[in-house]
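Presented below is the structure to which this report refers.
The values are calculated or read from the model by the stated rules, or taken from the named source; none is laboratory data. Everything numeric here is computed off the predicted structure, so don't read it as measured data. Positions of Cβ are generated from backbone atoms using ideal geometry, with glycine treated the same way; all protein chains shown enter the neighbour counts. Just so you know, the surface numbers come from the protein's heavy atoms only, side chains and all, with ligands and any DNA or RNA stripped out. Shrake-Rupley method; radii C 1.70, N 1.55, O 1.52, S 1.80 Å.
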Amino acid sequence: QGSEGEIFFGVSDRYSKSMLSLRRPLVGVALPFLSHLAVIVSGIDNGLGQTPPRGWRSWNTFDCTSDPRIIHDKDMRGAMRAVLDSSRSVGGKPLRLKDLGFSWISMDDGWQQCNCSTRQDEDPTLPKCSVDECIGGKCTWHNKMTGLPMVNLHRFPDMHSLVEYGHSLGLKVGGYLNTCICMEHQPTTHYEQDVAWFLAMGFDGVKIDSCGNSVNVSRFAELFNKSGKAVRIENCHNGAPDPKSGFCSMNMYRSGGDISADFGSILGEAYSTLPYNDRADPLSRPGCWAYPDMMQVGNFNGAEPQRTDEERSHFGLWSIVSSPLILGFNMTDRDTMDRVWPIITNQDALEVNQGWAGHPGTLIKSYLAVDLPVFQIGHGSCSAEGALGWRLSEGRLLAPGSTEEAPLCVDGSISLPDEPAVYANPCPPPTTGSGQVNCGLPIRNCSLVTGLWDFDAPSGLLFWQNSETADPGCLQVFPQELSPLTSLEPGQPPSAAFRAPKSTGKLRVGNGERRPAMTQLIQCPALGKLPPPGGRFNFTEDGALMFSGDGAVAAAGCLTSVLLNGVQLWSKPLPGSKVAALLVNVLSVPQSVQLPLADVPGLGGGAGTSRACATRDVWRQEDFVVHSAHLELGLASHASAYYIFDCAGSAADVVQQLVV
């Protein structure tokens, strides 16, 4: 906490000794900013991933819709040669992707030989197996006699030779286990055989998926550690670091679902890191990074300049939250490589991604949309602007600001992320410092709303009935969850299986901010069941729509009509006195913002007062000095602005640094 309420990142040495061996005793390390807690910190001792990994993985280009689109030996070799191509330059100097750290080339699903012809990998010479039959234990990609993995020799005639080819080029080669094509759900597992084969092939890293029955990443880590070879472990949906102990048996772990090449998916994936990158108490750290998913830069469609803006924002988001930067486009496509080269080789963005000053970076704040009279339901004080004027008339829930000429209605048929054109993309979960974010049902012109609302005064329930649905839904207000993290149970030994977590509590919203809320529809309770889940509604004479919370679920207050969230501020501290800030327009219409530099953690005391800020424009590769307390900028649809601020010295010192 700085002067005048300025908020900084929670930077600590909580994980400064996190890379302890699985074979060593667990060591207690006290949190300096939560001195009343003593935590256990332990992890895989392989020395890898001390900075966010960079490389390429095959899935986003070579998926499983047909044999030609499944990864083959030639595709891996093509990707290896692509990162060694020196025909392009960075800053006027010929440079290869390998020189920038993109030196890991990894395969995904499709290398294995299944005993069945499956939906994602059809083979007319094999018996067909449905997904249900695979889940029932019929499918396997292990040899029944030896238990060793079986390789599809049509796609990979000599796996060891492929890996050695990568090594001969100075590259690291990654593989893939616990597959989704030919998912195994048999009573037996093959941890020892998988690790033995993997090491015999010479792989340097492994992605462990969650589709089969070998989901114990701790067990894999233990076996790889015993081999004496450092193997980078990527955990795909098999748990995460334990929130209490910090135990981490992997170098990177998936925080998000499967990514697609559209901006809504990109935002949702970025939001998935927030519970792990909490502003006061982050779990993502060197050697154990939260990882939304492989990147889709290079795979976007659409017209320019929006395609480039979206891919640049995508790269910026992964950069500023310290995500591993794993490329996923076809790197042998020279036109695509030429197009995205300025994005993926931006050395300032890479510097931000690799820098470590105690925090991985996170969402700081969302600013309300400007020049866009489009609204959503909010929840707040009954005296707040937009709290008065609610009416229920002929099945329409009319919002404040409605007129006869332009009636505005609450639409229960869609959620904000599904509305085309202008409504906000997926709502970010609030974190410490960003608790002001509201997300709720959209408020639209009544002519666009097809369902009907009804109110039952005795129960306090507001019903929504859509002609397309048989059962009505009920409006409720819920606090946005600061999700308990899917993780190991505290104190779990390395060789135990991952299980459903015990309750570990919620990450907190700090700084005295009210807990944000989301309005959504739920299945209606029986009218005689009181109180309804979360509380009840009541229309007052002055037009307020009051919500009586039950205390455990949501606080009492009033529904409000609020603007959409527009530009977001993401930030990350860097070594020395530098701070990175990324501003992203999440709307599909242009936005302007006047950024108070005081909103950027660490800059509150200096900007616009006795100091100036040396500023690096990451996307434009330009330097300038900010002398005022604000920075004004305009952003096109889904575009971003990326800055590195240094406000350490006086204005004269800053200018002198730039001159030199």
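Just the protein heavy atoms count here, and of the accessible area of region 116-213 at 1.4 Å, carbon and sulfur take up 57 percent.
For the pairs Lys172/Lys229; Lys172/Lys226; Lys98/Lys172; Lys98/Lys578; Lys365/Lys578, note any where the Cα-Cα span goes beyond 22 Å. List each step's numbers first, then the result.
Values: Lys172/Lys229 13 Å; Lys172/Lys226 20 Å; Lys98/Lys172 10 Å; Lys98/Lys578 27 Å; Lys365/Lys578 19 Å.
Distance filter (> 22 Å) returns Lys98/Lys578.
Based on a Kirkwood Rh over C-alpha pairs, give the Stokes-Einstein translational diffusion coefficient of region 244-392 at 20 °C and viscosity 1.002 mPa s in µm²/s.
Values: Rh = 17.6 Å.
D = 122 µm²/s.
Quick one: pull the percent of accessible area on region 226-341 belonging to carbon and sulfur, 1.4 Å probe, ligands and nucleic acids left out.
Numbers: 1230 of 2760 Å².
The computed percentage sits at 44.
With the radius of gyration and the Kirkwood radius both derived from the Cα set of region 44-156, what is their ratio Rg to Rh? Intermediate results must be reported in sequence, preceding the final value.
Details: Rg = 18.4 Å, Rh = 16.7 Å.
Rg/Rh: 1.10.
Ranked by the mean number of other Cβ atoms within 10 Å of their residues, highest first, the peptides 87-96, 71-80 come out as 71-80, 87-96. Across region 98-246, the volume of the C-alpha convex hull divided among the residues equals 140 Å³ per residue. Averaged over its residues, region 59-216 has an accessible area of 42 Å² per residue, based on protein heavy atoms and a 1.4 Å probe. Ordered from largest to smallest accessible area (heavy atoms of protein chains, 1.4 Å probe), the residues His160, His142 come out as His160, His142. Could you pull out every one of the aspartates and glutamates with an alpha carbon less than 16 Å from that of Lys244, ignoring same-chain neighbours closer than 8 positions? Cross-link targets: Asp13, Asp278, Asp281, Glu489. Annotation: peptides 262-268, 329-335, 120-126, ranked by per-residue average of other Cβ atoms within 10 Å with the highest first, follow the order 262-268, 329-335, 120-126. Evaluated with a Cβ-only charge set (Lys, Arg +1; Asp, Glu -1), region 241-379 carries a dipole of roughly 420 debye about its Cα centre, given to the nearest 20. Sorting 379-386, 57-64 by their mean Cβ neighbour count within 10 Å, with the most densely packed peptide first, gives 57-64, 379-386. Residue-wise HN-Hα couplings along region 233-240, as the Karplus relation 6.51 cos²θ - 1.76 cosθ + 1.60 with θ = phi - 60° gives them from phi, are 10, 10, 9, 10, 6, 10, x, 8 Hz; Gly and Pro carry x.
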